[in-house]
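A quick write-up on the structure given underneath.
The values are calculated or read from the model by the stated rules, or taken from the named source; none is laboratory data. Computed from a predicted structure; not experimentally measured. Note that we place each Cβ from the backbone using ideal geometry, even for glycine, and neighbour counts take in every protein chain shown. With ligands, DNA and RNA removed, areas are computed over all heavy atoms of the protein, side chains included. Shrake-Rupley method; radii C 1.70, N 1.55, O 1.52, S 1.80 Å.
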Amino acid sequence: MSPPSRRLQTKPVITCLKTFLISYSLIFWVTGVILLAVGVWGKVSLEAYFSLSTDESTTNAPYVLIGTGATIVIFGLFGCFATCRGSPWMLKLYAMFLTLVFLAELVAGISGFIFRHEIKAKLDGAYKHAVQTYNNTDSSSTAVDAIQRTLHCCGVTNYTDWGATPYFKYKGIPTSCCKDSTNCTTAVLMDLNKAKTEVYNTGCFALMTSVMEANLGIIAGISFGIAFFQLIGIFLSCCLSRYITNNQYEMV
């Protein structure tokens, strides 16, 4: 049993640590909400890009963020509860979870940076395939139309790419390439020379990858920031657990 004088001296330290850890846990909870929101935004806003690819690691990316965000929200609340209770084993469990989150986010961020060129190459192949097999009815065709309308682009490198597709022989360039749909008659869309002034001349792939890279940069920055933020929580949790254990501190 620790002497009363020592317990009185360590009580303010423990109270201070508890205050910092509760504040940290609340901030950690907020980061979970942010990740959850980014995941939902990614699912809604980037669904057209993801639907072009058959790679599960790409299409499941928003769900990973949503799952991670939800888990962080739950453990953020658990951290607040463990701190208020002053339970050493709960604090150690919280520190262990923060360590796992730190390692997972660090590995994910590094992997995304290393394999970004492979992701870009897969997207290139997927988009070219979607253009070649375009039929105006399936999900990949819908994704192509959405990208062309949103980014104001046409084809892979430019609008002439449509001239080599089976769809062009029957209906010409898709109307989603048109600057003004009222001027895009079938006769115009089936003639590359006439269509030049009526459709977007910029290719979609360059614009699409620049948008994707910008979004990946934002997500990577958030992920790295949150990852290193875990180190503060790990330090506070371990220190508080050790002080409580060594001094047999009990919350009243």
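Within the set of pairs 6 or more residues apart or between chains, which connect a residue that is of a type in the set (Phe, Trp, Tyr) inside the stretch 161-172 to a residue that is surrounded by 17 or more Cβ atoms within 10 Å (Cβ to Cβ) and assigned to a loop (DSSP other than H, G, I, E, B) with Cβ atoms less than 7 Å apart? Between residues of the stretch 161-172 that are of a type in the set (Phe, Trp, Tyr) and residues that are surrounded by 17 or more Cβ atoms within 10 Å (Cβ to Cβ) and assigned to a loop (DSSP other than H, G, I, E, B), the close pairs are TRP162/GLY155; TRP162/ILE173; TYR167/TYR134.
Looking across the stretch 170-216 at every residue that is outside any loop (DSSP other than H, G, I, E, B) and in contact with an Asp or Glu (Cβ under 7 Å, 6 or more places away or on another chain), the one that is most open to solvent (accessible area, probe 1.4 Å) is identified as ASN183.
May I ask you to verify whether ALA146 is farther than 17 Å from VAL188 by Cβ and over 29 Å from the mean Cα position of the chain (by Cα)? Can you show your working first?
Working: farther than 17 Å from VAL188 by Cβ: yes; over 29 Å from the mean Cα position of the chain (by Cα): no.
No.
Scanning the stretch 217-250 for residues that are at pLDDT below 75 and either on the phi > 0 side of the Ramachandran plot or surrounded by fewer than 16 Cβ atoms within 10 Å (Cβ to Cβ) (or both) yields GLY217, ILE218, GLY221, GLY225, GLN248, GLU250.
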